[in-house]
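The values are calculated or read from the model by the stated rules, or taken from the named source; none is laboratory data. Computed from a prediction, not measured in an experiment: that's the story for all the values here. Methodologically, a virtual Cβ is constructed for each residue, glycine included, from the backbone with ideal geometry; neighbour enumeration extends over all protein chains shown. The protein model used for the area step is the full one, side chains on, heavy atoms only, and it has no ligands, DNA or RNA in it. Shrake-Rupley method; radii C 1.70, N 1.55, O 1.52, S 1.80 Å.
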Protein chains: 2
Amino acid sequence: MPKTKQFNKDKVLEVASDIFRQRGYNGTSIDEILKATGLSRSSLYDSFNDKHTLYIQSLEHYKNLEMHRYEITDDKKLNGLQKIEFLFKEVVNLLSTHPEDNGCLMVNAAAEMSKKCDKTYAVVCNNKESAEELFTNWLADAQNDKVIPADKSPKTYSPFLFNTLCGLKVMSQSGASKAELNSVVKVTLDALV
Amino acid sequence: MPKTKQFNKDKVLEVASDIFRQRGYNGTSIDEILKATGLSRSSLYDSFNDKHTLYIQSLEHYKNLEMHRYEITDDKKLNGLQKIEFLFKEVVNLLSTHPEDNGCLMVNAAAEMSKKCDKTYAVVCNNKESAEELFTNWLADAQNDKVIPADKSPKTYSPFLFNTLCGLKVMSQSGASKAELNSVVKVTLDALV
DNA sequence: AAAATTTCAGAATACTCATTCCAATTCAGA
DNA sequence: TCTGAATTGGAATGAGTATTCTGAAATTTT
């Protein structure tokens, strides 16, 4: 009997997370999200409760999407080190392809909200752990394949890789050129071998 | 004949930059700044024009202060590599001493405003260049003192160091422990030798 | 002490924002 | 086709915002 939902919740989160990414939590108005999603005010509040809930769900959606993009690298026939290299090249390409629109919602959320909102903090921490876990696995693979030395413990090098990744996202907002980002990646990868 | 200013502009910028650091540009209201500085509304608008101008001046003030803190390292009787190490240890201490209040205005500004405001972008870029210049000098010193190999070009390693620095500031907002930050620093420094 | 000129307090203005609410619309199932 | 529950558009609400303005208070120099 009920009328069916006229919109797809994931699509809405997709659009919303992109606006939050560009404009931040405090810089985004509900009206902007309504316009971008085409949703009615009532539908939005009915489905997502309030702006803050929508933000947290957008964060989670973004995190899942980004991690999924990263994990796709696993399907490629590459050794662990090559996977790491592939991921970093992809990130650099993404960051430098659209210089005017290349922020990262996770980094922005860490900067803007992490200290003010426990739920944001939880997602941000969770994202860090997931990414580091991925790196840890790839580093271990690389060791098994003897492409990186056995004494370079995956557990200590994975935070280093994640740190570089976060750095790149800030650098790209600070006027760094693609060449510079690539050079940072090269030095980082050299540190592994 | 005129009444003298009842407040010190630098002190106001000090307080304002700290609030902007904690709450971001869009998250900060003029009223909060008035309360924290004790200034009257009229005095603030008389001295700083508007919120946006105050923000840019706060950014510049913060940048100068941070760079000054970094440059103090130059006074110590250390070789280039030791100076780099000292700076990173200081940053890690600062980041982990007040876990609940350890953001960096420059990183936050890069995330929140860099793409939306040319003046913010200019300060953020300028900060990057100043920091990298400092690192370049220290790396060159270290090469002269033969503590790092001659083939590690300061020009390519200084962006790497700045990248690590930015990463640390994001990591500390993402639940990284002091031990983890230190470990990132150790790997970074190992990459230099 | 008076004058000159700034500082200051706070009311007033003119938004913008998140959220609520209600009436009108829509549509799956009987 | 009719019905009932959900969806929807958009007006209404109420709080918060940056900024302006006016007149009173303050203070240094003459």
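Of note, A:Arg41 satisfies the criterion of being open to solvent by 60 Å² or more (accessible area, probe 1.4 Å), over 23 Å from A:Met106 (Cα atoms), within 16 Å of DNA strand C (Cβ to nearest atom) and modelled with pLDDT of 90 or more. The residue that is farthest from B:Thr188 (Cα to Cα), counting only those in the range B:131-170 that are open to solvent by 30 Å² or more (accessible area, probe 1.4 Å) and assigned to a helix (DSSP H, G or I), is B:Asn144. When B:Phe162 is tested against (1) among the aromatic types (Phe, Trp, Tyr); (2) at the interface with another protein chain (Cβ under 9 Å from one of its Cβ atoms); (3) more than 15 Å from the chain's Cα centre (by Cα), just one condition goes unmet, and that condition is (3).
For the subset of the range A:7-23 comprising residues that are within 14 Å of chain B (Cβ to nearest Cβ) and open to solvent by 10 Å² or more (accessible area, probe 1.4 Å), which member is nearest to DNA strand D (Cβ to nearest atom)?
If we filter the range A:7-23 for residues that are within 14 Å of chain B (Cβ to nearest Cβ), which is where we start, we get A:18-23.
Now drop any that are not open to solvent by 10 Å² or more (accessible area, probe 1.4 Å), which leaves A:18-19, A:21-23.
On the way: A:Asp18: 20, A:Ile19: 18, A:Arg21: 23, A:Gln22: 20, A:Arg23: 16 Å.
Ranking the candidates gives A:Arg23 first.
A single member of B:Thr28, B:Thr73 is part of a helix (DSSP H, G or I) and of a type in the set (Ser, Thr, Tyr), and it is B:Thr73.
Looking at B:Glu112, is it at pLDDT below 90, within 14 Å of another protein chain (Cβ to nearest Cβ) and open to solvent by 20 Å² or more (accessible area, probe 1.4 Å)? No: the conditions fail for B:Glu112.
Looking only at residues of the range B:50-68 that are within 9 Å of the chain's Cα centre (by Cα) and open to solvent by 30 Å² or more (accessible area, probe 1.4 Å), we find that the one that is nearest to B:Ala16 (Cα to Cα) is B:Tyr62. List the pairs whose first member sits in the range A:1-25 and is at pLDDT below 90, whose second member is outside any helix (DSSP H, G or I) and within 14 Å of DNA strand D (Cβ to nearest atom), and whose Cβ atoms are under 8 Å apart, counting only residues at least 6 apart or on separate chains? Listed by first residue and then by second, the contacts come to A:Phe7/A:Gly38; A:Phe7/A:Leu39.
Output the number of residues of the range A:24-36 satisfying the condition of being open to solvent by 30 Å² or more (accessible area, probe 1.4 Å), more than 10 Å from DNA strand D (Cβ to nearest atom) and more than 14 Å from every other protein chain (Cβ to nearest Cβ). It would help to see each step written out before you state the result.
Start the filter on the range A:24-36 by keeping residues that are open to solvent by 30 Å² or more (accessible area, probe 1.4 Å), which leaves A:25-26, A:29, A:31-32, A:35-36.
Filter again for more than 10 Å from DNA strand D (Cβ to nearest atom), leaving A:25, A:29, A:32, A:35-36.
Still in the running and more than 14 Å from every other protein chain (Cβ to nearest Cβ): A:35-36.
Number satisfying all stated conditions: 2.
Surrounded by fewer than 14 Cβ atoms within 10 Å (Cβ to Cβ), within 16 Å of DNA strand D (Cβ to nearest atom) and either free of Cβ contacts under 8 Å to residues at least 60 places away in the same chain or part of a loop (DSSP other than H, G, I, E, B) (or both), is that true of A:Ser47? No, not satisfied.
Confirm whether A:Leu95 is assigned to a helix (DSSP H, G or I) and surrounded by 18 or more Cβ atoms within 10 Å (Cβ to Cβ). Steps first, answer last, please.
Numbers: assigned to a helix (DSSP H, G or I): yes; surrounded by 18 or more Cβ atoms within 10 Å (Cβ to Cβ): yes.
Here the answer is yes, as A:Leu95 does meet what is asked.
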